[in-house]
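Trainee: This is the structure, below, for whatever I ask next.
The values are calculated or read from the model by the stated rules, or taken from the named source; none is laboratory data. Remember, predicted model here, so these are calculated numbers, not experimental data. So basically every Cβ, Gly included, is an ideal-geometry build from the backbone, and we count neighbours across all protein chains shown.
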Amino acid sequence: MTEKIYTYVYYGLRIHSEISLQPLPEIAFIQGPDIHIKFGKITRIEEGLEDTVYKPNTIINQRIFYWYVDDIAEFLIVGKEKVIINQADESKLEDIRVFLLDTIMGVLFIKHEKIILHASCVATDTGAYVFCSNASEGKSTLAANLARKGFSFVEDNRCLLTWNNDLNSFSVINQDPIASLWSNNLAFENFKGVDKIGPVRKNIEKIDYNLSSLVPTEVKSVKKIFIIDMNKSDKGFVHKKIFGIDKFDLLLSYVNFNYLIKDLGKDEQYFKKVMSLARAIPVELISRSEMTPISEFVTYISNEIV
Amino acid sequence: MKLSDRELVKFPGKLLWLASYPKSGNTWFRSFMSALFVGDLDINNLLTNGLFSIRILFDQVLDIDSRFLSEREVKNKMPVVYRYKCKNVDRLQFVKAHDAYVKNSMGEPIFPADVSYKVVYIVRNPLDIVGSLAHHQGRTIDQSIELINNPNGYLAEQKNGLNDNYNLPQLLTDWSSHVRSWLEQKEIEVILLKYEDAKENPIKVFKDVMNALEMNIPETLIEEAVRMTSFDQLKKAEETTGFKEKSAISPTFFRKGISGGWKEELTSSQIERIIDCHHNVMKELGYLKDL
């Protein structure tokens, strides 16, 4: 019996998958896929391989990336196009999907040398603004609240930047129409055009929203990258432009799964790519007090980008 | 040879836990250890290898976003993370911990004994903790009393399934259970450091701790490190450079640094609520003598 094959385009990669990645929308494509995702048994990886990093749940070298999540699944990436999933007994496909889209796709993005920043993004008629931050420092909340103020919502968590010859600049377009917000963040509740899907995993109060009908469909030139973080002062903002090696270092630090780049043998490629990004786009750091209300922060940012 | 090279390399691949209930003097002791082994003090760069429940370590060791995991799933992997942290490390590492010594759902202690050297458990009179905790967390003293009396008390806990703090949620239990969890476990050798004794005679107490750690430290170096980390020096350092461990909600991290401040801060009813809950452990530790 032939398994159903689902087809997706995710951050520019064409995927044939035996596992449904719903709620990602299925997209048909003509050319062959970049990535095949299949279920199957995974042969035990030898110990003591050269140039290989052995971590508690991961084995990494330039050819393979083996990883498991307890009670969910084992994953094996071979080369840059083949993914094998060995599902644990009684695990749920929804759980496999969460970890596949996060870590496994994150590794594949590096293998395919994508510049994907850990960032949200909004756009105006004239261009896009990218907001890099560490987890929990408000990038999704910021973008969602800017959408409420009338800006176009482009990305929630990972932002793919590609060079666009027509625009003569780095550009963005939505790659993942599913945004995930913690349940206390109501920015997308009752928002016109947004469908609430539900928690990403059982008992994890991060809620998926489908923004397919909301995100802009045209490519946008990236005007500026903001690094946003929080500080321990009692109020206000620190806002400064970043130049030189600091700019390069900061941008590299926000590349998705940047700490795996070296183990995957891609440091040279990323050095060049991030350097070209740093040359092309202005970067500014905005640090806000943990005490600053999000509404004040949203107003501050919206004044910066209009 | 540098002191750190000589003494810390005696225990390669091992962890020294610096454990305490919050606001019990852990930062003071960590500052002392930093001053001792570095010979200088930068309060924003203490010689401690992070906090036990720091999220980024967990995520990068396991290549996973722990925000997608339940607390049970996280606790089950904590020993694995720390065993990995010790691999190929040529010296003793210090790790601060506020978690109670508990077991995960697999029945394994979350602090792995096989890579642990010892634990310095710092204990402080709970009557003094509550004022300091209230200041640090921007809470009232009554709310701090509720926390130290709560058998299911947490640090960095988020309600309703939220799980995106910088640090992983840390189960404290109530103050007495926290103390007992560490002092009564048999897996890791405990060195008990009483905050009040250290305030009274820091050189002797810290020297005793270093001896118990089997570290050969000249007394002059201990005296110098104690001088560098006196409360006034720490407060001055915070005024000059700020302190990244301060919460945004409180004006300063270092507040009074005294023992016995509760006599001016607490009402008789507040004192009663604390003693009712912690009478036995307070008595065992000599905290009821002044009453």
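Trainee: Spot the failing condition for A:Pro25; the list is (1) under 29 Å from A:Leu161 (Cβ atoms); (2) without any contact (Cβ under 8 Å) to a residue 60 or more places away in the chain, and only one is missed.
Mentor: Checking A:Pro25 against (1) under 29 Å from A:Leu161 (Cβ atoms); (2) without any contact (Cβ under 8 Å) to a residue 60 or more places away in the chain, the one that fails is (2).
Trainee: Okay, moving on. Looking at A:Val69, A:Val83, A:Val107 in this structure, which one is within 11 Å of chain B (Cβ to nearest Cβ), over 14 Å from the mean Cα position of the chain (by Cα) and either touching a residue at least 24 places away in the same chain (Cβ under 8 Å) or crowded, with 23+ Cβ neighbours inside 10 Å (or both)? Spell out how you get there, then give the answer.
Mentor: Values: A:Val83 fails: within 11 Å of chain B (Cβ to nearest Cβ); A:Val107 fails: over 14 Å from the mean Cα position of the chain (by Cα).
So the residue among A:Val69, A:Val83, A:Val107 that is within 11 Å of chain B (Cβ to nearest Cβ), over 14 Å from the mean Cα position of the chain (by Cα) and either touching a residue at least 24 places away in the same chain (Cβ under 8 Å) or crowded, with 23+ Cβ neighbours inside 10 Å (or both) is A:Val69.
Trainee: Enumerate the pairs (first residue in the range A:119-139 and free of Cβ contacts under 8 Å to residues at least 24 places away in the same chain; second residue anywhere and basic (Lys, Arg)) with beta-carbon separation below 7 Å, excluding pairs fewer than 6 apart on the same chain, so at least 6 apart or on different chains.
Mentor: Between residues of the range A:119-139 that are free of Cβ contacts under 8 Å to residues at least 24 places away in the same chain and residues that are basic (Lys, Arg), the close pairs are A:Ala135/B:Arg67.
Trainee: Further question on the same structure: Can you say whether A:Pro56 is farther than 17 Å from A:Ile84 by Cβ and touching a helix residue (DSSP H, G or I) at 6+ places or on another chain (Cβ under 7 Å), as far as the supplied structure shows?
Mentor: yes
Trainee: I'm told B:Asp59 meets every condition in (1) of a type outside the set (S, T, N, Q); (2) out of contact with any Lys or Arg (no Cβ under 9 Å at 6 or more places or on another chain); (3) within 14 Å of another protein chain (Cβ to nearest Cβ) except one. Can you identify the failing condition by its number?
Mentor: It is condition (2) that B:Asp59 fails.
Trainee: Continuing with this model, one more query. Does B:Ile274 count as surrounded by 13 or more Cβ atoms within 10 Å (Cβ to Cβ), over 20 Å from B:Phe29 (Cα atoms) and touching a residue at least 24 places away in the same chain (Cβ under 8 Å)?
Mentor: Numbers: surrounded by 13 or more Cβ atoms within 10 Å (Cβ to Cβ): yes; over 20 Å from B:Phe29 (Cα atoms): yes; touching a residue at least 24 places away in the same chain (Cβ under 8 Å): yes.
In short, yes.
Trainee: Sticking with this one: Of the residues A:Ile60, A:Ile42, A:Ile19, which is at pLDDT 95 or above, closer than 19 Å to A:Ile96 by Cβ and either in contact with an Asp or Glu (Cβ under 9 Å, 6 or more places away or on another chain) or exposed (fewer than 15 other Cβ atoms within 10 Å of the Cβ) (or both)?
Mentor: Working: A:Ile60 fails: closer than 19 Å to A:Ile96 by Cβ; A:Ile19 fails: either in contact with an Asp or Glu (Cβ under 9 Å, 6 or more places away or on another chain) or exposed (fewer than 15 other Cβ atoms within 10 Å of the Cβ) (or both).
Of A:Ile60, A:Ile42, A:Ile19, the one residue that is at pLDDT 95 or above, closer than 19 Å to A:Ile96 by Cβ and either in contact with an Asp or Glu (Cβ under 9 Å, 6 or more places away or on another chain) or exposed (fewer than 15 other Cβ atoms within 10 Å of the Cβ) (or both) is A:Ile42.
Trainee: Here's another thing I want to ask about it. So A:Arg158 fits all but one of (1) modelled with pLDDT of 95 or more; (2) away from chain B (no Cβ under 14 Å); (3) under 25 Å from B:Arg67 (Cα atoms); what number is the exception?
Mentor: (2)
Trainee: Show me the strands (runs of 3 or more DSSP E) found entirely inside the range A:219-295 where at least 2 residues are touching a Phe, Trp or Tyr at 6+ places or on another chain (Cβ under 9 Å) and surrounded by 14 or more Cβ atoms within 10 Å (Cβ to Cβ). I'd like the intermediate steps shown before the answer.
Mentor: Values: elements: A:220-231, A:237-242, A:283-289.
Here the list reads A:220-231, A:283-289.
Trainee: Please enumerate the residues belonging to the range B:95-134 that are crowded, with 18+ Cβ neighbours inside 10 Å, hydroxyl-bearing (Ser, Thr, Tyr) and more than 17 Å from B:Pro22 (Cβ to Cβ). Walk me through it before giving the result.
Mentor: Here is the first cut: in the range B:95-134, the residues crowded, with 18+ Cβ neighbours inside 10 Å are B:95-101, B:110-112, B:115-134.
Those still in the list that are hydroxyl-bearing (Ser, Thr, Tyr) too: B:101, B:116-117, B:121, B:132.
B:Ser116, B:Tyr117, listed by residue number.
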